[in-house]
1. Let me check against my output: what whole-number percent is the relative contact order of region 226-304, with C-alpha pairs under 8 Å and at least 6 apart?
2. Of [x] -0.20, -0.98, -1.13; [y] -0.56, -1.11, -1.17; [z] -0.24, -1.19, -1.37, which one was derived for log10 I(q)/I(0) by the Debye sum over Cα atoms at q = 0.06, 0.13, 0.14 Å⁻¹ from the structure shown?
3. Quick check: the distance between the Cα centres of region 38-104 and region 167-187, to the nearest angstrom?
4. Provide the per residue accessible area, probe 1.4 Å, for region 1-73, rounded to a whole number of square angstrom.
5. Let me cross-check Ser55: its accessible surface, 1.4 Å probe, with only protein heavy atoms counted, in Å² to the nearest 10?
6. Counting alpha carbon pairs within less than 8 Å and at least 6 residues apart, what relative contact order, in whole percent, applies to region 40-128?
7. Relative to a virtual label point 7 Å from the Cα of Val16 in the Cα→beta-carbon direction, which members of region 262-293 show backbone nitrogen distances below 19 Å?
8. Please get the size of the charge dipole for region 211-274, origin at its Cα centre, with Cβ charges of +1 on Lys and Arg and -1 on Asp and Glu, quoted in debye to the nearest 20.
Amino acid sequence: MTNRERAKAILHYEKVDRVPVVAFGYWVETLEKWQQEGYVTEEEVKGYATQGDNSPADKSIMAKLGFDFNWNACVGGNNGLMPQFERKVLETSPDGSQVIRDETGLIVRIKKDIVSIPAEIGTTLTDREAWEELYLPKLQYSESRVNMEYLKKVKEQDATRDIPLGLHCGSLYGNVRNMMGVEELSYMAADDEDLYREIIDTNAELSYKVVKKVLEAGIDFDYAHYWEDICFKNGPLVRPEVFAEVVGPHYKKTTQLLNEYGIDIVSLDCDGWIDKLIPIWLENGVNTMFPIEVGTWNASIAPWREQYGKKLRGVGGMDKRVFAHDKAAVDAEIERLKPLVELGGYIPCPDHRIAPDAKFELVQYYCEQFRKVFG
């Protein structure tokens, strides 16, 4: 079987010859450390930093480690602001930190030499006037949002492709959160419900039109995929009942379209404690959760499967923290994964990027042992 066939079979509860060893990339800082240790080359580090997942550099690094493929293989169109805002420095502090307006119009503070999520301190999208003048024109559909020539080249690879390919459907709430920030978006939901709904509807309708156009390219997609990141450690950043009413129907509209094209695996990337949003996604056609954040609060597909049955699938849930420890920790993690794999509809994968504390030889060991156990 090819890795593409294996992945599709697992997510449809079918038998496979073995479970693929799947990755989701690395921090560039991880690769820089491994370069200093002599495991990867400078060319591989630069190649991954500039070209990203499933690039030639990534494939070279994965081959050294023993992974079969990087799960992040999606194509699509431009579902966001077009054109984006010009990134602009608004203020520079004596300590080197800066206040900037980013490409989405969000106002954030970035601390010097610290790799973290910037602190949100404001937004350009402050009211209806700003929406209609600065944002609405940038969220209109046009044919230029979808590169059909590129998609034709992707289609030519359908017969020979070894790894699963996803259709990226954009984001129905995360994009809006990116433009406004959590606090401002939450206030708008209460203070100006009409504008709140209009922004969400406009963003979602744009995503739908882009997906529809991409589907016309005739590519044999293996799954569809959304990005959201709208939860944190204590739960959703939006009231579930509001999310179900305002956003849920947009998922359903697009997933019904996907089903018409034979795409029945629809995955979604949302960090944080997602449990209260899972039933909303399932009800509206999103059936595969990625990641499954075991390293943060011991999330697992097992209780979700018990609650929702086989209609829920998953990718992720491998505790990458073991890469910083020893072989015994890796062995214990693989042992923990055994009953989860046996549930079917589940592919283990390190949640998020492999961090700089990972030891190259332990990642290699994980891949070797994974093949022995699940091969």
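1. 37
2. Step by step, log10 I(q)/I(0) by the Debye sum over Cα atoms at q = 0.06, 0.13, 0.14 Å⁻¹ for this structure corresponds to label [z].
3. 20
4. 45
5. My reading of the accessible area for Ser55 is about 10 Å².
6. Once normalised by length, the contact order is 14 percent.
7. Inside the label zone: 263-269, 287-293.
8. 240
The values are calculated or read from the model by the stated rules, or taken from the named source; none is laboratory data. Everything quoted here is computed from the prediction, not taken from an experiment. All Cβ positions, glycine included, derive from the backbone under ideal geometry; neighbour counts span all protein chains shown. For accessibility, only protein heavy atoms count, side chains too; no ligands or nucleic acids. Shrake-Rupley method; radii C 1.70, N 1.55, O 1.52, S 1.80 Å.
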